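Take a look at the structure set out below.
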Amino acid sequence: MISHSRRHCVVELQALPLRIGQIRRIVSAQLRHWQLDPLIDRAALGVTELLSNVHRHAQPHKTCTVEIELRLGRLTVSVCDSDPRLPVRRELEADALETSGRGLALVEAVSETWGARRHADGTGKAVWFSLRATPARAAPTAPPGICAEPVRDPARAALAAVSPETLATGLPVAVPVGTGPG
């Protein structure tokens, strides 16, 4: 289910690999709609990592809600699930050859702030990140002006006659038969 207002978008889903790609596209489309194109890559990466964590770790099921909110010049992306265990950010230097466990470090790297909080009723948690929202430059509202008069009048095209002798030597010159000097 998708619902949204002018500055808020909510998507409920099951965090499965196929759905994660769809949510990434939804987030990208919403940010384009809000004219926040410069944030698309960072927000898409961040939401992908948070949803991947839900897929790997959330118990007892993978159902979650993604919320995107634009308020007071800040974009906040939250992923809420029913697992009350808070995520732990692992240090990258601990084992540089690890192939997983870098999700929250990536979220931290692409965002300005991030965090996690348990739901007040203890039934789950929300993991979020925030970015400064700077709208993309707006495209001009009016189409560019079209000149009503032709730039060049084809009837007034200038022709110049050049004698083959005045051309630089070494350049081949084609002279029609019967029109050359002589």
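Coordinate-derived values only; no laboratory data. Given the structure is predicted, the values throughout are model-derived calculations rather than measurements. Here Cβ is always computed from backbone atoms with ideal geometry, including for glycine, and neighbour counts include all displayed protein chains.
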Quiz item: For D41 and D121, what is the calculated FRET efficiency with R₀ set at 30 Å and r taken between the beta-carbons, to the nearest 0.05?
Solution: 0.30
Quiz prompt | Long-range amide H partners of D83 with built H, under 5 Å | solution = Q59, K125
Exercise. May I ask you to evaluate 6.51 cos²θ - 1.76 cosθ + 1.60, the Karplus curve with θ = phi - 60°, for each residue of the stretch 45-56 and list the ³J(HN,Hα) values in order in whole Hz, giving x for glycine and proline?
Key: 5, x, 5, 4, 5, 5, 5, 4, 5, 4, 4, 6
Self-check item: Translational diffusion of the stretch 1-68, µm² s⁻¹ [Kirkwood Rh, Cα pairs; Stokes-Einstein; 25 °C; 0.890 mPa s]
Solution: 202 µm²/s
